[in-house]
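Remarks on the structure that follows.
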Amino acid sequence: MNKICMGIWGNTNLRDRFNINGFGEDVPVIDRIKQVGGIDDIDGIELHLPTELNDSNADEIEKVLNDYNLQIVQLCGHTWTERQYKFGALANIDKEICNQAIDRVKAALDMGARFNVPISVLWPATDGNDFPLQTDYFGLYDRYVDSVRQILDYLHQNKYSIKICIEPKPFEPRSYIMMGTTAQALCIVNEINDPNFGINIDIGHSLIAKENIEDQITLICRYNRLYHTHFDDNDQQCDADVPPGTVNFIRLVSIVYVLKQHNYEGWYGLDLFPYRDAPEKFIKLSRDNLRLAERVVRLMRQKGADEMRKDGTMGPEMAELIRECIKEA
Ligand SMILES: [Mn+2]
């Protein structure tokens, strides 16, 4: 069983652009961590630096993590919430802004070392374009790759073991975010070719890019670059971030199947946005669906699913097997 962790940006008051106040109450970071820690079978958290973890609250957070037996699984340098990142961060053409973004990621690596964090995500949220021909992508890629190389040099100089992951997303907040699909991100990962640089696949992002996730996960694993996962679900209209398996449970089964096939031993991260509902319900629903999907996959493999898949001719039979295993699980 892979361990499950929760992104604590999700269990507080959440704002959307039509309701900038949100429908709930703001919850202090410490209380969000305690809430996650109180839920059975959730063993870790993910968060951002400096917005959720910083020098002034690190001691307090460390204590709560120990009290609840939680681990920080992913610490992301926040590079899209401040004014200067309006037109990009790690690929910003303004050297000063670009360097601020690099320093932010380095600071996350430093803090990550203190907490033994295994993963740090890079999300190129504002590096992209809204208008046709607004952005020269040649320059954008040159600058992004150069920034990542500087970050990796820093990582190796300090002998950090943390793995840095690109999390691709096709759009939102920009109309187009650079390297928005899984294979595009993998292309840059393979170009940089560093063992500490890989991919965090966010299932919801892959879905809104209309990807075949089985294929994408397999491709990342083919190059041994799948270091982290973000689970959530949507109906391929927008990145709704509802619990995994609530929109399409069979798809969740297929994702877990391929992860098990490739012996993925990393974490199942939860990237959820319960705008209207109790976060605790979202977290428990996610956990239960993930565990159910694991049981379904185990049964399927016991009943010969691996063999059935080999020649690609057993479509209806596979559909039947999935249905029977869901009933049995
Ligand atoms: Mn995500």
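The values are calculated or read from the model by the stated rules, or taken from the named source; none is laboratory data. Quantities reported herein were computed from a predicted structural model and do not represent experimental measurements. Glycine also receives a Cβ, built like all others from the backbone with ideal geometry; neighbour counts cover every protein chain displayed.
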Among the numbered conditions (1) closer than 22 Å to residue 206 by Cα; (2) out of contact with any Gly (no Cβ under 6 Å at 6 or more places or on another chain); (3) in contact (Cβ under 8 Å) with a residue 24 or more places away in the chain, tell me where residue 185 comes up short. (3)
Of residues in the stretch 206-216 being in contact (Cβ under 8 Å) with a residue 12 or more places away in the chain and more than 15 Å from the ligand (Cβ to nearest atom), the one surrounded by the fewest Cβ atoms within 10 Å (Cβ to Cβ): 210
Which of the residues that make up the stretch 12-44 are farther than 18 Å from residue 81 by Cα and within 20 Å of the chain's Cα centre (by Cα)? 32, 33, 36, 37, 41, 42, 43, 44
For the stretch 88-104, which residues satisfy the criterion of being surrounded by fewer than 24 Cβ atoms within 10 Å (Cβ to Cβ) and among the aliphatic types (A, V, I, L, M)? 93, 97, 102
Failed condition for residue 287, given (1) surrounded by fewer than 19 Cβ atoms within 10 Å (Cβ to Cβ); (2) within 22 Å of residue 203 (Cα to Cα); (3) of a type in the set (Lys, Arg): (1)
Residue identified as at pLDDT 95 or above and within 18 Å of the chain's Cα centre (by Cα) among 249, 273: 273
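Residues checked against (1) of a type in the set (A, V, I, L, M); (2) farther than 21 Å from residue 104 by Cα; (3) at pLDDT 95 or above:
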position: 155; (1), (2), (3): yes, no, yes
position: 158; (1), (2), (3): no, no, yes
position: 169; (1), (2), (3): no, no, yes
position: 175; (1), (2), (3): no, yes, yes
position: 183; (1), (2), (3): yes, yes, yes
position: 196; (1), (2), (3): no, no, yes
position: 199; (1), (2), (3): yes, no, yes
position: 221; (1), (2), (3): no, yes, yes
So is residue 111 touching a helix residue (DSSP H, G or I) at 6+ places or on another chain (Cβ under 8 Å) and within 16 Å of the ligand (Cβ to nearest atom) or not? no
Determine whether residue 254 is closer than 28 Å to residue 319 by Cβ, within 14 Å of the ligand (Cβ to nearest atom) and among the small types (Gly, Ala, Ser). no
Applying the selection to the stretch 175-205, what residues are away from the ligand (no atom under 16 Å from the Cβ), among the polar types (S, T, N, Q) and not in a helix (DSSP H, G or I)? 175, 193, 196
Any hit, the stretch 224-234, residues being in a helix (DSSP H, G or I) and away from the ligand (no atom under 15 Å from the Cβ): no
Residue in the stretch 201-209 that is at pLDDT 95 or above, more than 16 Å from residue 269 (Cβ to Cβ) and of a type outside the set (A, V, I, L, M, F, W, C) present: no
Restricting the stretch 296-307 to residues that are crowded, with 16+ Cβ neighbours inside 10 Å and touching an Asp or Glu at 6+ places or on another chain (Cβ under 9 Å), the one nearest to residue 36 (Cα to Cα) turns out to be 296
Looking only at the stretch 270-307, which residues are among the aliphatic types (A, V, I, L, M), in a loop (DSSP other than H, G, I, E, B) and within 16 Å of the ligand (Cβ to nearest atom)? 272
How many residues of the stretch 134-149 are surrounded by fewer than 18 Cβ atoms within 10 Å (Cβ to Cβ) and either of a type in the set (Lys, Arg) or assigned to a loop (DSSP other than H, G, I, E, B) (or both)? The answer is 3
Quick one: in the stretch 150-160, of everything that is touching a Leu at 6+ places or on another chain (Cβ under 9 Å) and assigned to a loop (DSSP other than H, G, I, E, B), which residue is nearest to the ligand (Cβ to nearest atom)? 160
Among the residues of the stretch 71-87, which ones are of a type outside the set (Phe, Trp, Tyr) and surrounded by fewer than 21 Cβ atoms within 10 Å (Cβ to Cβ)? 71, 81, 82, 83, 84, 86
